[in-house]
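Trainee: Before anything else, here's the structure in question.
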Amino acid sequence: MNRTAPISNVIPARDVEQVMDAIRRAGKIVITTHLSPDGDALGSSLALFHFLKRTGKSVRMIVPNSFPHFLKWMNGTREIEIYEYNPPAAQKIIAHADLIFSMDYNISKRAGDMAPHLDNSPARKILIDHHLLPGRNFDITVSYPEISSTCELLFRLLFQAGKYDELTQTEAECLYCGMMTDTGNFTYNSRDPETFEIVSLLLRKKINKDAIYSQVFDNYSEDRFRLLGFTLSQRMEIYPEIHSALLFLSREDQSRFRFGKGDTEGFANCPLSIKGIFFSTFIREDEGLIKLSFRSRGSFPCNEFAAAFFNGGGHLNASGGEFYGTFDDAIRVFKNGLKSCEEKLKSLAGTRKL
Ligand code: 5GP
Ligand code: MN
């Protein structure tokens with residue numbers, strides 16, 4: 001590492017140049033995210049959106065469906081098109097794009113109903129993401145699963161392209177938001193010293209990191225908080241011998257607390273605060289499907305568990321999946337899955353969390 005440049009060049013210079021060249025050549029640019037966009041998906045997309053707009057580009061941002069209220073403070077959220085609200089309008093924009101960015105997802109399937117339209121668009125396609133196993137149908141792939149967040153990766157790309165000096169406070173805020181949310185406010189996935197060098201460089205853009213934390217994490221409704229209390233006291237099972245925990249919420253439970261989008265964000269992590277618990281699962285009955293979230297500490301591979309039993313994926317310590325069937329069946333499939341991993345889970349005994 002060069003002493004004068006605290007950030008190493010993770011992305012080959014040729015790839016950085018290719019992305020910048022694709023941007024230079026493009027007339028109409030579209031930025032997209034995965035379903036139920038989170039802080040990292042929205043933060044990276046909005047930072048890129050502002051950067052491209054500032055450099056005079058015609059750019060639209062389309063997300064598959066709506067996002068939680070605690071992310072709406074980010075500059076530019078009002079300009080986001082929500083595919084689900086008007087599919088034909090979004091399809092038209094996608095079909096006429098010259099360049100499409102896929103931010104924070106590895107395969108088009110993760111964009112839901114928008115996926116076939118992305119696949120069929122004649123636009124050039126660029127992936128900027130940190131999930132394992134990137135799809136093959138991108139013209140340029142910037143995929144680094146070892147990087148904390150897509151926001152960190154986008155920062156690195158812009159930094160390597162020599163754009164740090166011109167980066168605005170707004171862009172820095174969006175990038176910080178995704179780095180903060182994808183690392184649980186820097187409590188996991190964040191041991192790389194360069195992650196903190198980048199935070200420092202973002203702070204130099206005069207972002208207020210404490211205010212950003214509050215906007216996201218101190219902005220819940222009373223209902224959400226009571227739902228959390230209910231879930232922890234009435235809907236949590238602990239399996240101490242296999243160091244695992246389960247949280248589950250039916251639709252009925254959720255409507256009792258007037259569930260709103262994003263209200264259960266972070267629930268899956270809670271049982272990991274219990275001594276000796278290394279694997280946590282949250283099963284939530286949604287409309288027409290069951291959503292599952294998996295979290296672990298240490299070596300237990302959440303992504304493999306999600307892939308094996310719930311057609312899902314994600315990262316080693318955080319993954320998700322879906323189940324089509326009854327809520328009870330989803331819980332049964334999960335418990336059978338746990339059984340088949342019993343030996344592996346038991347062997348986590350005595351290990352430290354990290
Ligand atoms: P969450 O539990 O917060 O919804 O998701 C955690 C991680 O798992 C995210 O990084 C997300 O990309 C991944 N993930 C969530 N749901 C799915 C899914 O249905 N399929 C796949 N492949 N990954 C998912
Ligand atoms: Mn991410």
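Trainee: Would you work out if the stretch 212-277 is rounded, prolate or oblate? Take a ≥ b ≥ c from the square roots of the eigenvalues of the alpha-carbon gyration tensor; rounded if a/c is under 1.5, else prolate when a/b is larger than b/c, oblate otherwise.
Mentor: oblate
Trainee: Now for a different question. Helix 39-54: angle to the longest alpha-carbon principal axis of the chain, degrees 0 to 90, nearest 10?
Mentor: Helix 39-54 sits at roughly 10 degrees to that axis.
Trainee: Please list, in order along the stretch 18-31, the HN-Hα scalar couplings obtained from phi with the Karplus expression 6.51 cos²θ - 1.76 cosθ + 1.60 (θ = phi - 60°), rounded to whole Hz, x for Gly and Pro.
Mentor: 4, 5, 5, 5, 4, 5, 4, 7, 7, x, 9, 10, 10, 10
Trainee: Then there is this: When the label point is put 7 Å from the Cα of Ile82 along its Cα-to-beta-carbon vector, which residues of the stretch 250-269 have a backbone N closer than 14 Å?
Mentor: Correct set: 260-263.
Trainee: Take Glu152, Glu287, Glu197 and sort them by solvent-accessible surface of the protein heavy atoms, 1.4 Å probe, largest at the top.
Mentor: Of Glu152, Glu287, Glu197, the descending order of accessible area is Glu287, Glu197, Glu152.
Trainee: Accessible area per residue, 1.4 Å probe, Å², for the chain: what's the number?
Mentor: Per residue, the chain has 46 Å² of solvent-accessible surface.
Trainee: Take the stretch 29-143, compute every pairwise Cα distance, and split them into 5 Å bins from 0; I just need the percent in each bin.
Mentor: Pair shares across the bins are 2, 13, 26, 27, 21, 10, 2.
Trainee: Evaluate the relative contact order of the stretch 222-346 (contact order divided by residue number), counting alpha-carbon pairs under 8 angstrom at least 6 apart; express in whole percent.
Mentor: Relative contact order for the stretch 222-346 comes out at 19 percent.
Trainee: Could you give me the percent of Cα pairs per 10 Å distance bin for the stretch 13-217, shortest bin first, beginning at zero and ending with the bin that holds the maximum distance?
Mentor: 9, 40, 38, 13, 0
Trainee: Here's a follow-up. Taking the Cβ-Cβ separation of Ser340 and Leu232 as r and a Förster radius of 35 Å, what is the calculated FRET efficiency to the nearest 0.05?
Mentor: In this case the efficiency is close to 0.85.
Trainee: So what is the calculated 222 nm ellipticity per residue for the chain, using -39500 (n - 2.57) for each DSSP H run with n of 4 or more, over all residues, to the nearest 500 deg cm²/dmol? Walk me through the intermediate numbers first.
Mentor: Values: 13 runs with 136 residues, N = 354.
My calculation for the chain gives -11500 deg cm²/dmol from helical runs alone.
Trainee: Can you grab the distance from the C-alpha centre of the stretch 284-299 to the C-alpha centre of the stretch 199-216, Å, no decimals?
Mentor: The distance from the Cα centre of the stretch 284-299 to that of the stretch 199-216 comes to 30 Å.
Trainee: If you don't mind, there's one more thing I want to ask. How large is the translational diffusion coefficient of the stretch 1-77 in µm² per second when you combine the Kirkwood radius over alpha carbon pairs with Stokes-Einstein at 20 °C and 1.002 mPa s? Before the final figure, lay out each step's value.
Mentor: Numbers: Rh = 14.4 Å.
For these conditions, the coefficient is 149 µm²/s.
Trainee: Out of every Cα-Cα pair in the chain, what percent are more than 38 Å apart? List each step's numbers first, then the result.
Mentor: Numbers: 10045 of 62481 pairs.
In whole percent, the share of Cα-Cα pairs in the chain beyond 38 Å is 16.
Trainee: A further question on this structure: If you average 1/r over all unlike Cα pairs in the stretch 222-346 and invert the result, what Kirkwood radius do you get in angstrom?
Mentor: Radius from the Kirkwood sum: 14.4 Å.
Trainee: Just to be sure I understand the model, the point goes 7 Å from the Cα along the line to the Cβ. What's the resulting Arg191 to Asn311 distance in nm?
Mentor: If labels sit at Arg191 and Asn311, their model points lie 3.5 nm apart.
Trainee: Let me ask you something else. Step through the residues of the stretch 139-144 one at a time and calculate ³J(HN,Hα) from phi using the Karplus curve (6.51 cos²θ - 1.76 cosθ + 1.60, θ = phi - 60°), rounding each to whole Hz and writing x for Gly and Pro.
Mentor: Per residue, the Karplus-derived 3J(HN,Hα) values read 6, 10, 10, 10, 10, 9 Hz.
Trainee: Ignoring ligands, DNA and RNA, what percent of the accessible area of the stretch 13-217 is carbon or sulfur (1.4 Å)? Show your work: numbers first, answer last.
Mentor: On the way: 4130 of 8630 Å².
Whole-percent figure for carbon plus sulfur exposure: 48.
Trainee: Let me ask something else about it. Given a Förster distance of 41 angstrom, what is the FRET efficiency for Gln169 paired with Arg25, based on the Cβ-Cβ distance and rounded to 0.05? It would help to have the intermediate numbers written out before the result.
Mentor: Details: r = 29 Å, r/R0 = 0.70.
After rounding, the FRET efficiency stands at 0.90.
Trainee: List the aspartates and glutamates whose Cα lies under 13 Å from the Cα of Lys275, skipping any in the same chain that are fewer than 8 positions away.
Mentor: The reachable aspartates and glutamates, counting only those whose Cα sits under 13 Å from Lys275, are Glu241.
Trainee: Given a 1.4 angstrom probe, I'd like the percentage of the accessible area of the stretch 222-346 that is carbon and sulfur, rounded to a whole number.
Mentor: Of the solvent-accessible surface of the stretch 222-346, carbon and sulfur hold 50 percent.
Trainee: Here's a follow-up. Per residue, what volume in Å³ does the Cα convex hull of the stretch 254-326 take up? Could the numbers behind the result be given before it?
Mentor: Values: hull volume 7.2 nm³, N = 73.
For the stretch 254-326, the hull spanned by Cα atoms encloses 98 Å³ per residue.
Trainee: Enumerate the calculated ³J(HN,Hα) couplings along the stretch 244-260 in order (Karplus 6.51 cos²θ - 1.76 cosθ + 1.60, θ = phi - 60°), each rounded to whole Hz, writing x wherever the residue is Gly or Pro.
Mentor: 3J(HN,Hα) across the stretch 244-260, in whole Hz: 10, 9, 10, 10, 8, 9, 7, 5, 4, 4, 5, 5, 4, 10, 6, 3, x.
The values are calculated or read from the model by the stated rules, or taken from the named source; none is laboratory data. Quick caveat: nothing in here was measured; it's all calculated off a predicted structure. Quick reminder, even Gly has a Cβ in these numbers, built from the backbone with ideal geometry, and neighbours come from all protein chains shown. The accessibility values were calculated without ligands, DNA or RNA, using every heavy atom of the protein model including side chains. Shrake-Rupley method; radii C 1.70, N 1.55, O 1.52, S 1.80 Å.
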